[in-house]
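Contents: one structure, followed by commentary.
The values are calculated or read from the model by the stated rules, or taken from the named source; none is laboratory data. Since the structure is predicted, the reported quantities are computational estimates derived from the model, not experimental observations. Methodologically, a virtual Cβ is constructed for each residue, glycine included, from the backbone with ideal geometry; neighbour enumeration extends over all protein chains shown.
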Amino acid sequence: MDLIGTPAHNPARHDKGGKIMGMLSEFREFAVKGNAVDMAVGIVIGGAFGKIVSSLVTDIIMPPIGMLLGKVNLPNLFLSLHGGPYKTLDAAKTAGAPTINYGLFLNNILDFVIVAFCIFLVVRQMNRVKNVLLPAPSAEPTTKECPQCLSTIPIKAKRCAHCTSQLEG
């Protein structure tokens, strides 16, 4: 039966249903894997971290920088393309004037730099932990055993020094 209650005789329709069910089971398998769950947790934590960094930049870092630059509210720096003298960005937006908001742009650049630096620190620390926990790759072997007398000989040897048998390679 199809959606409206009549028998479905279209074989292509059944094939699509099989493909859709296969795709759904493949998606379920992907979603249940640890990697997808880890990725989702990382995205949620990253979003929350971004809000914290934005607040840090807007509420803590930018006010002292604006004070040092002559009591300027950096997020309120803008250039009106309309030509009117607007005291604040909100006044220009209320009037419908087009503006270039370079103060907000500077805020966003500082947000990005702080987030990028924090991610760099996390990745750097993870690499250090990984290097400590994972064993170093083994070096290339320098010796081998003679197949005849089982003596240890150099890997590049063509003849065994102990039994003088000819070696392969």
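Taking the condition free of Cβ contacts under 8 Å to residues at least 24 places away in the same chain, within 24 Å of THR58 (Cα to Cα) and not small (Gly, Ala, Ser), does PRO98 pass? Answer is yes for this residue.
Restricting attention to region 64-123, and to residues there that are β-branched (Val, Ile, Thr), more than 29 Å from GLY42 (Cα to Cα) and touching a helix residue (DSSP H, G or I) at 6+ places or on another chain (Cβ under 6 Å), which single residue is modelled with the highest pLDDT? The selected residue is THR99. The single condition among (1) in contact with a Leu (Cβ under 7 Å, 6 or more places away or on another chain); (2) assigned by TED's automatic domain parsing to the domain that holds LEU77 that LYS158 does not meet is (2).
VAL72 satisfies every condition listed in (1) surrounded by 13 or more Cβ atoms within 10 Å (Cβ to Cβ); (2) assigned to a helix (DSSP H, G or I) except (2). Within region 138-147, none of the residues are touching a helix residue (DSSP H, G or I) at 6+ places or on another chain (Cβ under 7 Å), surrounded by 12 or more Cβ atoms within 10 Å (Cβ to Cβ) and farther than 23 Å from LYS51 by Cα.
Taken residue by residue, region 82-99 has no member that is surrounded by 12 or more Cβ atoms within 10 Å (Cβ to Cβ) and under 29 Å from VAL122 (Cα atoms). Among the residues here, ALA31 qualifies as modelled with pLDDT under 85, among the aliphatic types (A, V, I, L, M) and assigned to a helix (DSSP H, G or I).
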